[in-house]
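Asker: Structure incoming, see below.
The values are calculated or read from the model by the stated rules, or taken from the named source; none is laboratory data. Please read all numbers here as calculations on a predicted model, not as lab measurements. Because the Cβ atoms are built from the backbone with ideal geometry, glycine has one as well, and the counts that use them run over all protein chains shown. Surface accessibility is based on the protein's heavy atoms, side chains included, excluding ligands, DNA and RNA. Shrake-Rupley method; radii C 1.70, N 1.55, O 1.52, S 1.80 Å.
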Amino acid sequence: MTFSLSTLSIAASAAEAPPAGTNFPSVEQLPVIKGLPDPFLFNDGTRVKTREDWPRRRTELEAAILHYEYGRMPPALGNTAGVELVAGNYKGVPGAQHKIFKITCGPERKISITLDLTMPKGKGPFPVIICGDMGWGKVADEITTEIIKRGYILADFNRTELAPDNKGYKDSGVYPAYPDAECGAAAAWAWGFQRCIDFLVTLDAVDKDKITVTGHSRGGKGALLAGATDTRVALTAPNCSGCGGAGSFKFQAPKSEDIAAITKNFPFWFGPRFMSFIGHIDQFPIDQHEVKALCAPRAFLETEALGDLWANPEGSRQTYLGAKEVYKFLGVPEKIGIYYRKGGHDHNADDWNVLLDFADQLFFGKKSDRNFDPNPFPDTPKTFEWTAPAQ
Ligand code: GTR
């Protein structure tokens, strides 16, 4: 017997989703979908018709993405609080002040995150860019100097405080506090971004309507999921995030990382059902354009490198095009952007400048000369035939 997602009912929101495994077909029960799945198709087989229909479809998609790929996250919290550990000038960055907070949250406040803020001087409120890659070292002073000059706060944290980046990922971070959490490390990292937001929105210096999340590579996967699943995020900006990030599972360009490769090295980044699609990616009912589309109508920008073949920059354009249909449908095509630079796998000053230009345009109407809709792959056709429903 063949089932498809469209014949089954899925709970109304990801947060209220039924226990793991219920109501979702397994890999053998899923239909073959070559190319990017149609994000406008409801689980009951009908299609989104009006903008008012989209929130219901978005909820279905979010539940499916967490179920099949990343695993469901622990609940959102109401008890996040922070204690100031350090306050002073920031040595390496002219005109900046530096504050470090220890954030605690969760049952018995067992979970803690060190949040390192480099802030312009003055009252604000300032837009904030949250980056979770402090475990690789703080954002370079040269880059932070530019962030401050443009009037943004940089909020750095170490996502591996939420889940270590190795097979022992359940030993600390969210899992001792939530032993039943089914998500892999990428979703635990995303959840960490969201707890940073819980705290940041309590600060007068933070402009709550101008929150950006970013991260590089595996950190970009976490940032993407964080922005996709939290409507407080105004701009989601993964950098070179590749497989399980902005890349594509249905369009693997030569030399790009696929499900078999990523789960061989990093099975702990994903949820419990993802591995069942190794060798069966045609049955994977979603692709990453739908993760990007969860951000809509909030803004999304991905920065990619043409030489970073492992991260599938060509596939990322496919998922960008797919997500763009949703942005068009919602009447905000300018809120999604993609940017390609030359070179390889890195999160360098160029990438940050592109993000700042996009953010300045989005938040302050400062028109940028950059092309946020380039096509470096003019000979590659789209891998999907559907388009946004006519209204
Ligand atoms: C690679 C991994 C990629 C990417 C990268 C990184 O080894 O295969 O998916 O996340 O690491 O984080 O730099």
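Asker: Just the number, please: carbon plus sulfur as a percent of the accessible area of region 31-364, 1.4 Å probe, no ligands or DNA/RNA counted. Walk me through the numbers before you get to the answer.
Answerer: Values: 6040 of 11410 Å².
Taking all protein chains in place, region 31-364 shows 53 percent carbon and sulfur surface.
Asker: Grab the Cα-Cα distance for ASN265 and VAL83, subtract it from 0.36 nm times how many residues apart they are, and report the gain in nm with one decimal.
Answerer: 61.8 nm
Asker: Then there is this: May I ask for the distance between the Cα centers of region 192-242 and region 67-100, given as a whole number of Å?
Answerer: Region 192-242 and region 67-100 have Cα centres separated by 11 Å.
Asker: Ranked from highest to lowest mean number of other Cβ atoms within 10 Å per residue, what is the order of the peptides 69-76, 238-245, 308-315?
Answerer: Top of the packing list down: 238-245, 308-315, 69-76.
Asker: If you don't mind, there's one more thing I want to ask. Which angle between 0 and 90 degrees, to the nearest 10, do you get for helix 349-364 versus the longest principal axis of the chain when only C-alpha atoms count?
Answerer: Here the helix axis deviates by roughly 90 degrees.
Asker: Once you list every other residue whose beta carbon is under 13 Å from the beta carbon of ASP38, what net charge do they have if Lys and Arg are +1 and Asp and Glu are -1?
Answerer: Overall, the nearby charge balance is 0.
Asker: Give the accessible surface of the chain per residue, rounded to a whole number of Å², with probe radius 1.4 Å and ligands, DNA and RNA excluded.
Answerer: Computed with neighbouring chains in place, this is 39 Å² per residue.
Asker: Kindly state, as a whole number, the per residue volume in cubic angstrom of the convex hull around the alpha carbon atoms of region 183-308. Mind showing how you got there, number by number?
Answerer: Details: hull volume 12.9 nm³, N = 126.
Taking only Cα atoms, region 183-308 has a hull volume of 102 Å³ per residue.
Asker: Another question, if that's okay. For a quick check, take a GNM of the chain with Cα springs below 10 Å and name the residue from LEU321, LEU355, LEU85 with the largest mean-square fluctuation.
Answerer: Between LEU321, LEU355, LEU85, it is LEU85 that shows the largest mean-square fluctuation.
Asker: Over the chain, with a Gaussian network built from C-alpha contacts below 10 Å, which listed residue (VAL233, VAL139, VAL326) shows the highest mean-square fluctuation?
Answerer: VAL139
Asker: Report the rotationally averaged projected area of region 31-364 based on its alpha-carbon convex hull, in square nanometres. Walk me through the numbers before you get to the answer.
Answerer: On the way: hull surface 63.7 nm².
Reported value for the Cα convex hull: 15.9 nm².
Asker: Oh, and also: Any of LYS210/LYS366; LYS292/LYS382; LYS208/LYS335; LYS324/LYS382; LYS121/LYS335; LYS110/LYS221 with alpha carbons more than 23 Å apart? Name them for me.
Answerer: On the way: LYS210/LYS366 15 Å; LYS292/LYS382 17 Å; LYS208/LYS335 18 Å; LYS324/LYS382 12 Å; LYS121/LYS335 29 Å; LYS110/LYS221 25 Å.
Where the Cα-Cα span goes over 23 Å, the pairs concerned are LYS121/LYS335; LYS110/LYS221.
Asker: Over the chain, what is the relative contact order in whole percent, taking alpha-carbon pairs under 8 Å and six or more residues apart?
Answerer: 16
Asker: Which whole-number percent is the relative contact order of region 107-232 (Cα, under 8 Å, 6+ apart)? Numbers along the way, then the final one.
Answerer: Numbers: 212 pairs, mean separation 40.2, N = 126.
Once divided by the residue count of region 107-232, the mean separation gives 32 percent.
Asker: Output the 0 to 90 degree angle, nearest 10, between the alpha-carbon long axis of helix 185-200 and the longest principal axis computed from the alpha carbons of the chain.
Answerer: 40
Asker: Ok, one more. Normalised by the residues of region 230-312, what does the relative contact order come to in percent, with Cα pairs under 8 Å and at least six apart?
Answerer: So the answer I get is 54 percent.
Asker: For the peptides 360-369, 269-278, what is the packing order when you average, over each peptide's residues, the other Cβ atoms within 10 Å and list the highest mean first?
Answerer: Values: 360-369: 13.2, 269-278: 19.2.
Ranking the peptides 360-369, 269-278 by packing returns 269-278, 360-369.
Asker: Apply the Debye scattering formula to region 73-160, with a single equal point scatterer on each alpha-carbon and no solvent, then give log10 I(q)/I(0) at q = 0.16, 0.25 Å⁻¹.
Answerer: -0.66, -1.28
Asker: OK, next. Counting Lys +1, Arg +1, Asp -1, Glu -1, what net charge surrounds THR104 among other residues with beta carbon under 10 Å of its beta carbon? Don't jump to the answer; show the numbers that get you there.
Answerer: Working: positive: LYS102, ARG109, LYS110, ARG195; negative: GLU108.
Result for the neighbourhood of THR104: +3.
Asker: Quote the FRET efficiency, to the nearest 0.05, computed for GLN29 versus HIS345 with a Förster distance R0 of 30 Å and r equal to the Cβ-Cβ distance.
Answerer: The calculated FRET efficiency here is 0.20.
Asker: Still on this model: Say R0 is 30 Å: what FRET efficiency, to the nearest 0.05, do LYS367 and ARG56 get from their beta-carbon distance?
Answerer: In this case the efficiency is close to 0.25.
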